[in-house]
Amino acid sequence: MEIKDCIGVVTGGASGLGEATVRMLASGGAHVTILDVQVDKGEALATELGDNVIFANTDITSEESTQVGIKKAVDAFGGINIVVNCAGVGTAQKILGKKGPISLDHFNKVIQINLVGTVNVIRLAVEQMVNNTPNEEGEKGVIVNTGSAAATEGQIGQPAYSASKAGVNGMTLPIARECAEYGIRVCTINPGLFDTPMFATEPENVREALGKMIPFPKRLGRPSEYAKLTQHIIENTMVNGEVIRLDGGIRMQPK
């Protein structure tokens, strides 16, 4: 699918991997709607990038809020061709910590945002995408989700995060198989250690140490590198139903 003149929706698009993806799509000539709860950042990014980018204050765990966000994209640009799901949280809690057993509220919140929120956006976007006129390949849309290396190599303190991302990986193929009938492709990217807001509060020496854990290159991944892989998935029609690692060859240790 050609990015130019396509209509994209990016969740978590106000910062990190999502922001890089919004910038990539906009620079390629797409119309983009940012779905995020970070109002100031989202509105500032939309203003910076111009008339082809708009912001919708959206809580992806809410059916109503997400319906409103999707409708705003459709009303503004006439449909949806591309969805990139970047919204997520990575807060950690051990099964048994100093304050006692893991909080079920914590576990449920992570699952709701990372897993349920992702499928919420997918289902509402597919409902719109099926109405698109197919291109010469019969393609109507592309969906890219964000998993994590933690889906298969979760560290101590990551039971909620790992479970949520494993769920995203696990639903990729069945959704891709169904959506193939509609001319919609579905893939998931599993990033490793990336320079995103999750690490923004860490001291520089900690960030450098994390980067050196990666076989090559020995640095944290750049959000622009996530965006480049997203661009390739969008543009390469044969890539479908895949979970693709983007991690410099790292395999996460227990802690």
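When each of N52, N114 is tested for being surrounded by fewer than 22 Cβ atoms within 10 Å (Cβ to Cβ) and modelled with pLDDT of 95 or more, the lone residue that passes is N52. Scanning segment 3-49 for residues that are in a strand (DSSP E or B) and either within 14 Å of the chain's Cα centre (by Cα) or farther than 17 Å from H232 by Cα (or both) turns up G8, V9, V10, T11, H31, V32, T33, I34, L35, D36.
Here is a yes/no grid of residues against (1) charged (D, E, K, R); (2) out of contact with any Leu (no Cβ under 9 Å at 6 or more places or on another chain); (3) touching a residue at least 60 places away in the same chain (Cβ under 8 Å):
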site: T33; (1), (2), (3): no, yes, no
site: Q38; (1), (2), (3): no, yes, no
site: L49; (1), (2), (3): no, yes, no
site: V53; (1), (2), (3): no, no, no
site: T58; (1), (2), (3): no, no, no
site: E64; (1), (2), (3): yes, yes, no
site: I70; (1), (2), (3): no, no, yes
site: A73; (1), (2), (3): no, no, yes
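Within segment 174-211, the set of residues being within 22 Å of N131 (Cα to Cα), out of contact with any Cys (no Cβ under 8 Å at 6 or more places or on another chain) and not basic (K, R) comprises P174, I175, E178, C179, A180, E181, Y182, G183, I184, C187.
Suppose we keep only residues that are part of a helix (DSSP H, G or I) and touching a residue at least 40 places away in the same chain (Cβ under 8 Å) within segment 172-195. Which one would you say is nearest to the chain's Cα centre (by Cα)? Within segment 172-195, the match that is nearest to the chain's Cα centre (by Cα) is T172.
Please determine, by comparing only the residues of segment 135-171 that are among the β-branched types (V, I, T) and surrounded by fewer than 21 Cβ atoms within 10 Å (Cβ to Cβ), which one is farthest from the chain's Cα centre (by Cα).
Step by step, filter segment 135-171, then rank; the result is I156.
Which ones in segment 196-232 are part of a loop (DSSP other than H, G, I, E, B), surrounded by 16 or more Cβ atoms within 10 Å (Cβ to Cβ) and in contact with a helix residue (DSSP H, G or I) (Cβ under 7 Å, 6 or more places away or on another chain)? Once the filter is applied, which keeps residues that are part of a loop (DSSP other than H, G, I, E, B), surrounded by 16 or more Cβ atoms within 10 Å (Cβ to Cβ) and in contact with a helix residue (DSSP H, G or I) (Cβ under 7 Å, 6 or more places away or on another chain), segment 196-232 yields T196, L220.
Summed over segment 233-255, residues that are without any contact (Cβ under 8 Å) to a residue 60 or more places away in the chain, under 15 Å from I143 (Cβ atoms) and outside any strand (DSSP E or B) total 2. All conditions in (1) under 16 Å from V84 (Cα atoms); (2) out of contact with any Ser or Thr (no Cβ under 7 Å at 6 or more places or on another chain); (3) without any contact (Cβ under 8 Å) to a residue 60 or more places away in the chain hold for G167, with the sole exception of (1).
A single entry from G157, G117, G88, G138 fulfils the requirement of being assigned to a loop (DSSP other than H, G, I, E, B), small (G, A, S) and under 22 Å from G42 (Cα atoms): G88.
Just the residues that are among the aliphatic types (A, V, I, L, M) and closer than 24 Å to G8 by Cα, please, taken from segment 144-176. It would help to see each step written out before you state the result.
Keep residues of segment 144-176 that are among the aliphatic types (A, V, I, L, M), which gives 144, 149-151, 156, 160, 163, 166, 168, 171, 173, 175-176.
Result: V144, V168, M171, L173, I175, A176.
In segment 75-99, the residues that are surrounded by fewer than 12 Cβ atoms within 10 Å (Cβ to Cβ) reach residues that are of a type outside the set (F, W, Y) with C-beta atoms within less than 7 angstrom, at least six apart or across chains, in these pairs: G78/I7; I95/P101; I95/I102; I95/P159.
Mind checking which pairs have a first residue in segment 102-118 that is of a type in the set (S, T, Y) and a second that is outside any helix (DSSP H, G or I) and at pLDDT 95 or above, Cβ under 6 Å, 6 or more apart or different chains? So the pair list comes out as T118/N85; T118/N145.
The values are calculated or read from the model by the stated rules, or taken from the named source; none is laboratory data. What you see is a predicted model, and the numbers here were worked out from it, not measured in a lab. For neighbour counting, all protein chains shown are included, and Cβ atoms are generated from backbone atoms with ideal geometry for every residue, glycine included.
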